[in-house]
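*Asks:* Have a look at this one.
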Amino acid sequence: MAAIDTSADARSIAAIVLQRVWQDAAYATPTLDAELSRAAQLDSRERALCTQLTYGVLRCETALMQLLR
């Protein structure tokens, strides 16, 4: 997988978390918590978006992968 731009916004942080979950078999919750802690400048709406993106993709992963095939 290509390197992800580490600009701290909700979408890039969610992508970083998902990359670590899939490539490194990391647990989503502690990985997400760590990344959100590093991105102190995010407001509550951006944090919520990041959380929803991360868990939403993981929740629907099987269906999303089937659609991509």
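*Asks:* Where the only charges are on Cβ atoms (+1 Lys, Arg; -1 Asp, Glu), what is the dipole of the range 10-68 about its Cα centre, to the nearest 20 debye?
*Replies:* 80
*Asks:* What is the projected area of the convex hull of the Cα atoms of the range 10-68, averaged over all directions, in nm²?
*Replies:* 4.0
*Asks:* Would you mind calculating the gained length between Asp33 and Arg11 on full extension (0.36 nm times residue separation, minus the Cα-Cα distance), in nm to one decimal?
*Replies:* Length difference between fully extended and current span is 6.4 nm.
A short reminder: the numbers here are calculations on the coordinates, not readings from a lab. Since the model is a prediction, treat every value here as computed from it, not as a measurement. FYI the Cβ positions are ideal-geometry reconstructions off the backbone, even for glycines, and counts take in every protein chain you see.
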